[in-house]
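**Student:** A single structure is presented below for examination.
Read the figures in this text as sums done on the coordinates, not as results from a lab. What you see is a predicted model, and the numbers here were worked out from it, not measured in a lab. Cβ sites come from the backbone with ideal geometry, for glycine too, and all protein chains shown count toward neighbours.
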Protein chains: 2
Amino acid sequence: MTAPLSATGRVILGMIARGKRSGYEIKQLVDRSTRYFWAASYGQIYPELRRLEEAGLVRGRSDPSGARAKMAYELTEEGAAALRDWLTDATGLTYELRDEAMLKLFFSDLEPGTALETVGAMRTLHEAKREQLRAIRAAAPEMPAGPALTLELGLGLTSWLVDWCRATEERLARESHVKVEV
Amino acid sequence: MTAPLSATGRVILGMIARGKRSGYEIKQLVDRSTRYFWAASYGQIYPELRRLEEAGLVRGRSDPSGARAKMAYELTEEGAAALRDWLTDATGLTYELRDEAMLKLFFSDLEPGTALETVGAMRTLHEAKREQLRAIRAAAPEMPAGPALTLELGLGLTSWLVDWCRATEERLARESHVKVEV
DNA sequence: AGGTGCATGTAACAGGTTACATGATTAA
DNA sequence: TTAATCATGTAACCTGTTACATGCACCT
């Protein structure tokens with residue numbers, strides 16, 4: 001029965017378990033991997049590292065390169081146990097989405113003609129995300145099973161979204177065309 | 001050039017434009033429609049309604065039913081213009097996701113055997129969401145074009161996710177089976 | 001000499017949730 | 001009578017972002 005992990009604490013512990021040991025390195029890795037479904041900023045990471053240390057889940061020692069300060073964190077026994085507990089428990093998974101494009105789409109009939117443009121903007125966004133994910137995959141052909149799974153899921157999801165947008169754009173264009181013609 | 005709309009202000013203005021006029025009604029409608037991609041709580045709605053009124057975007061008057069207090073809000077000219085401006089502008093669309101299931105999946109290789117369970121929990125969640133969306137569609141066969149579009153998108157998306165989870169569960173089960181057998 | 005990257009950190013703010021308090025109305 | 005629903009509202013809290021400050025190291 002270890003203490004429950006805070007939201008940001010989860011990513012931090014996981015990243016430290018993967019071998020990344022400074023706040024800076026954790027941020028780098030988050031930005032290249034989980035950021036699409038779980039972001040973290042310095043403003044969260046550094047204070048949280050301190051809290052985790054106070055709670056005894058990580059242990060940090062100074063590991064400077066020359067005169068440049070650097071902290072090297074590693075998991076304690078308790079930290080490894082907390083990470084295991086969290087990974088083993090599949091209940092109460094948070095899921096939060098805030099998608100302004102969908103909100104605009106929801107209200108699109110209030111301002112006729114905006115639906116097509118909104119879906120177009122939505123497609124552009126997801127296309128960009130898909131390209132970024134492809135670049136990540138290309139840059140690291142070998143990766144652990146977990147990251148590989150989420151990358152595959154992200155790629156599939158964005159691809160589905162791009163296709164939906166394209167199909168919907170065609171349909172909306174056809175409908176407005178028919179309306180004009182008849 | 002009207003003032004930019006705050007996050008919650010967007011939903012509120014849209015819902016008022018759809019005819020919902022009290023904070024309570026707005027919350028009800030949000031919970032039955034946009035909540036899957038854009039939530040709102042009373043703690044946001046009531047203060048925001050006041051701010052919108054101070055900014056001159058909505059106008060509220062008391063409209064009690066008997067001795068039960070009730071406020072009826074409607075859009076002002078400025079409010080309608082702000083809503084139009086927002087709907088017409090397809091740039092800078094916020095998109096934020098926080099999906100703990102995907103995060104656990106990302107770290108699943110740190111604790112062998114958890115991937116299958118995590119994907120299973122993920123599927124259960126999306127199946128439930130899909131059922132809720134189906135219930136909404138069944139309860140309101142006639143709906144405006146905007147809500148119909150987002151409902152269709154939500155249903156398609158959750159269905160794709162459920163299918164991906166199912167396929168991945170099969171694959172993971174097969175792989176672990178092979179591992180045991182060889 | 002200057003720009004980029006490594007590295008740490010914080011203060012101010014923004015946005016949102018939860019829990020609570022209050023009270024009327026309606027249906028069982 | 002009592003539970004559910006209608007209806008408003010706030011205070012405390014949590015979580016997270018943005019912008020800034022600081023300084024070393026390395027490359028050109």
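**Student:** Excluding residues on the same chain fewer than 8 positions from A:LYS27, give the aspartates and glutamates whose Cα lies under 14 Å from its Cα.
**Tutor:** A:GLU48
**Student:** Summarise the partner chain shielding of B:84-93 as one whole number: the mean count of Cβ atoms from other chains within 10 Å of each residue's Cβ. Intermediate values should be presented prior to the final figure.
**Tutor:** Numbers: counts 3, 1, 6, 14, 6, 5, 12, 1, 2, 11.
Mean number of neighbouring Cβ atoms from other chains: 6.
**Student:** To test your reading of the geometry: what angle, between 0 and 90 degrees and rounded to tens, separates the Cα axis of helix B:114-139 from the longest principal axis of chain B?
**Tutor:** 40
**Student:** Please give the average number of partner chain Cβ atoms lying within 10 Å of the Cβ of each residue in A:147-159, rounded to a whole number.
**Tutor:** Mean shielding by partner chains, rounded to a whole number: 4.
**Student:** May I ask you to derive the relative contact order of region B:100-176, considering only C-alpha pairs under 8 Å and at least 6 residues apart, and to give it as an integer percent?
**Tutor:** Reported relative contact order: 39 percent.
**Student:** Let me ask another. Contact order normalised by length for chain A, with contacts defined as Cα pairs under 8 Å and 6 or more residues apart; what percent is it? Please report the intermediate quantities before stating the final value.
**Tutor:** On the way: 145 pairs, mean separation 32.7, N = 182.
Here the relative contact order equals 18 percent.
**Student:** Which value, in debye to the nearest 20, describes the size of the charge dipole of region A:82-168 about its Cα centre when Lys and Arg Cβ atoms bear +1, Asp and Glu Cβ atoms bear -1, and nothing else is charged? Each step should come with its number before you reach the end.
**Tutor:** Working: 9 positive and 13 negative charges, 52 e Å.
Using Cβ point charges on Lys, Arg, Asp and Glu, region A:82-168 gives about 240 debye.
**Student:** With only alpha-carbon pairs counted, each pair once and no self-pairs, how large is the Kirkwood hydrodynamic radius of region B:100-176 in angstroms?
**Tutor:** Values: mean 1/r = 0.0726 Å⁻¹.
Computed over region B:100-176, the radius equals 13.8 Å.
**Student:** Okay, moving on. Where does helix A:42-54 land angle-wise versus the long Cα axis of chain A, in degrees 0 to 90, nearest 10?
**Tutor:** 30
**Student:** Tally Lys and Arg at +1 and Asp and Glu at -1 over the other residues with C-beta under 14 Å from the C-beta of A:GLU117: what net charge comes out?
**Tutor:** On the way: positive: A:LYS104, A:ARG123, B:ARG84; negative: A:GLU100, A:ASP109, A:GLU111, A:GLU169, B:ASP85, B:ASP89.
Neighbour charge sum, excluding A:GLU117 itself: -3.
**Student:** Can you report the principal axis dimensions of region B:7-88 using only the alpha carbons, biggest first, rounded to whole angstrom?
**Tutor:** 41, 30, 20
**Student:** Okay, helix-only estimate at 222 nm for the protein assembly as shown: each DSSP H run of n ≥ 4 adds -39500 (n - 2.57), divide by all residues, round to 500 deg cm²/dmol; what do you get?
**Tutor:** -21500 deg cm²/dmol
**Student:** What is the average number of partner chain Cβ atoms found within 10 Å of a Cβ in B:109-116?
**Tutor:** Values: counts 9, 11, 9, 2, 2, 7, 4, 1.
Counting other chains' Cβ atoms within 10 Å and averaging over B:109-116 gives 6.
**Student:** How many angstrom lie between the Cα centre of region A:110-136 and the Cα centre of region B:56-100?
**Tutor:** What the calculation gives is 25 Å, centre to centre.
**Student:** In addition: Considering only the other residues whose Cβ falls under 15 Å of the Cβ of B:SER65, what net charge follows from Lys and Arg at +1 and Asp and Glu at -1?
**Tutor:** Net charge around B:SER65: +2.
**Student:** Then there is this: How big is the dipole moment of region B:1-131 about its Cα centre under a simple scheme where the beta carbon of each Lys and Arg is +1, that of each Asp and Glu is -1, and everything else is neutral? Debye, nearest 20, please.
**Tutor:** The dipole of region B:1-131 has a size of about 620 debye.
**Student:** If Lys and Arg each add +1 and Asp and Glu each add -1, what is the summed charge of the other residues whose beta carbon sits under 11 Å from the beta carbon of B:THR168?
**Tutor:** Its environment carries a net charge of -1.
**Student:** For region B:49-174, what does the equivalent ellipsoid look like in terms of its semi-axes, each the square root of 5 times an eigenvalue of the Cα gyration tensor, given largest first in whole Å? The partial results should precede the final answer.
**Tutor:** On the way: eigenvalues 360, 70, 55 Å².
Largest first, region B:49-174 gives 42, 19, 17 Å.
**Student:** Just going by the charge dipole of the protein assembly as shown, with Lys and Arg at +1 and Asp and Glu at -1 on Cβ, which of B:VAL119, A:ALA69, A:SER6 is farthest out on the positive end?
**Tutor:** Of the candidates, A:ALA69 comes out farthest on the positive side.
**Student:** Something else now. Hey, what do the phi angles of region A:9-25 turn into as Karplus ³J(HN,Hα) couplings, whole Hz, using 6.51/-1.76/1.60 and θ = phi - 60°, x for Gly and Pro?
**Tutor:** With coefficients 6.51, -1.76 and 1.60, one gets x, 4, 4, 4, 4, x, 5, 5, 4, 6, x, 7, 10, 10, x, 4, 5 Hz.
**Student:** Once phi is turned into ³J(HN,Hα) by the Karplus curve 6.51 cos²θ - 1.76 cosθ + 1.60 with θ = phi - 60°, what whole-Hz value does each residue of region A:142-155 show in order, with x for glycine and proline?
**Tutor:** Per-residue couplings from phi come out as 9, 8, x, 4, x, x, 4, 4, 5, 5, 4, 4, x, 5 Hz.
**Student:** How large is the Rg to Rh ratio of the protein assembly as shown when both quantities use alpha carbon positions and Rh follows Kirkwood?
**Tutor:** 1.02
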